[in-house]
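Here is the structure we will look at.
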Amino acid sequence: FRQSRRSDIGSIIRVSFEFFPPKTEVMEERLWETVTRLAPLNPEFVSVTYGAGGTTRERTARTIKRILTETDVNAAAHLTCVDATKEEVDTVVREFAAMGVKRFVALRGDPAGGVGAHYKPTPGGYENGAELVAGLKAFADFDISVSAYPEKHPESPDFATDIDMLKRKVDNGATRAITQFFFENDLYERYVEKVRRAGIYIPILPGILPIHNFTQVTNFCSKAGTHIPAWLAERFDGLDNDPQTHALVSSAVAAEQVLDLVERGIQDFHFYTMNRADLPFAICHLIGVRPGSSDTVDASLAGAAA
Ligand code: FAD
């Protein structure tokens with residue numbers, strides 16, 4: 001990496017971390033170790049995913065509650081509206097709000113049967129992410145994050161349709177967007193340019209997925225519509241049975257992606273942690289986000305990443 005990169009830039013960088021609700025006690029213990037390691041980095045917020053159709057409703061609630069009661073970190077609950085009536089979704093919103101949740105990541109979600117299955121709005125339900133944002137805002141002035149797709153959502157016929165949906169979400173009150181994960185920073189940069197040209201000015205946080213298992217990520221990619229560049233596949237080629245090298249290559253790839261985004265002026269990052277702290281923690285260290293670091297914001301650095 002270029003030696004001119006400034007590690008003190010960390011004081012103006014904001015990070016957030018995404019977790020999924022654990023299924024077993026062992027997984028819960030591991031998640032808690034992760035939360036305990038990442039919380040001192042003072043993330044803007046952490047978020048907990050929600051199974052489409054409400055499949056993780058209790059586990060998501062339990063995880064959020066524990067974060068809210070045992071840490072000082074802001075917690076956002078993901079919420080989907082697929083396969084549910086407005087009444088069902090609103091009940092969940094009331095439950096979460098009663099627990100002290102003030103932030104949501106509002107999503108449509110994928111229909112039962114997976115990403116390829118044909119999406120049909122539920123009669124009497126919120127039809128898409130934009131309608132869900134409006135529904136949430138009707139409850140209270142929640143902080144609402146929404147999804148964004150640098151390579152467009154697989155169901156969108158084109159970028160214009162896709163960005164129009166993002167615009168509707170913003171018009172209905174979304175505060176920020178978090179992108180689907182991607183590996184080509186040029187694609188992200190071009191997408192943000194398109195979004196700005198469409199008159200959307202909320203932060204578009206790059207969603208960073210550290211590659212713990214390349215084969216598994218390849219699967220995610222085909223479902224999410226994320227392109228795997230040939231150079232990336234080449235880097236992991238032959239490493240299926242070599243976990244040590246795989247881990248080193250993963251660190252290098254993730255660090256390179258994030259450092260390049262920092263060079264391009266990006267100051268907000270969202271990490272898909274897969275409930276593991278090691279890579280997000282190391283990347284944060286590289287970009288100067290360290291325990292307690294956001295307490296010492298140095299205004300003189302404010303122009304450094306612009
Ligand atoms: P929307 O924003 O409503 O729509 C997505 C796109 O699909 C739109 O841009 C639009 O162009 C197109 N579209 C929508 N409806 C139509 C239509 N009728 N005809 C044509 N095009 C249409 N999933 C979960 O189950 N749980 C989670 O916790 C979760 N968290 C996520 C977090 C992030 C940051 C991201 C990026 C995704 C997450 N997902 C999650 C996945 C998400 O639910 C899926 O990508 C889903 O397919 C779309 O949800 P959305 O809110 O993006 O949909």
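Just so you know, all these numbers are worked out from the coordinates, no wet-lab data involved. Just so it is clear, the model here is predicted, and its values are computed rather than measured. As a convention, Cβ positions derive from the backbone with ideal geometry for all residues, glycine included, and neighbour counts pool all protein chains shown.
Please specify each residue of the range 88-124 satisfying the condition of being in contact with a helix residue (DSSP H, G or I) (Cβ under 7 Å, 6 or more places away or on another chain) and basic (Lys, Arg).
Scanning the range 88-124 gives a single hit, Arg108.
Considering each of Arg108, Arg94, Arg66 in turn, give the residue that is within 15 Å of the ligand (Cβ to nearest atom) and charged (D, E, K, R).
Arg108
Does any residue of the range 45-55 turn out to be within 15 Å of the ligand (Cβ to nearest atom), buried (at least 23 other Cβ atoms within 10 Å of the Cβ) and of a type outside the set (Ser, Thr, Tyr)?
Initially, the range 45-55 is screened for residues within 15 Å of the ligand (Cβ to nearest atom), giving 45-55.
Now drop any that are not buried (at least 23 other Cβ atoms within 10 Å of the Cβ), which leaves 46-48, 50.
Okay, now just the ones that are also of a type outside the set (Ser, Thr, Tyr), so 46, 48.
Yes.
Determine which member of the set Gly173, Gly225, Gly199 is surrounded by fewer than 18 Cβ atoms within 10 Å (Cβ to Cβ) and more than 11 Å from the ligand (Cβ to nearest atom).
Exactly one residue qualifies, and that residue is Gly199.
Taking only pairs six or more apart or across chains, which ones have beta-carbon atoms under 6 Å, a first residue in the range 239-268 that is closer than 20 Å to Leu187 by Cβ, and a second residue that is assigned to a helix (DSSP H, G or I) and polar (S, T, N, Q)?
Cβ pairs passing all conditions: Asp260/Asn185; Leu261/Asn185.
Applying the selection to the range 118-152, what residues are within 10 Å of the ligand (Cβ to nearest atom) and over 21 Å from the mean Cα position of the chain (by Cα)?
Selection gives His118, Tyr119, Lys120, Pro121, Tyr126, Glu127.
Residues of the range 49-71 being among the hydroxyl-bearing types (Ser, Thr, Tyr), outside any helix (DSSP H, G or I) and touching a helix residue (DSSP H, G or I) at 6+ places or on another chain (Cβ under 8 Å), which ones?
Residues satisfying the conditions are Thr49, Tyr50, Thr71.
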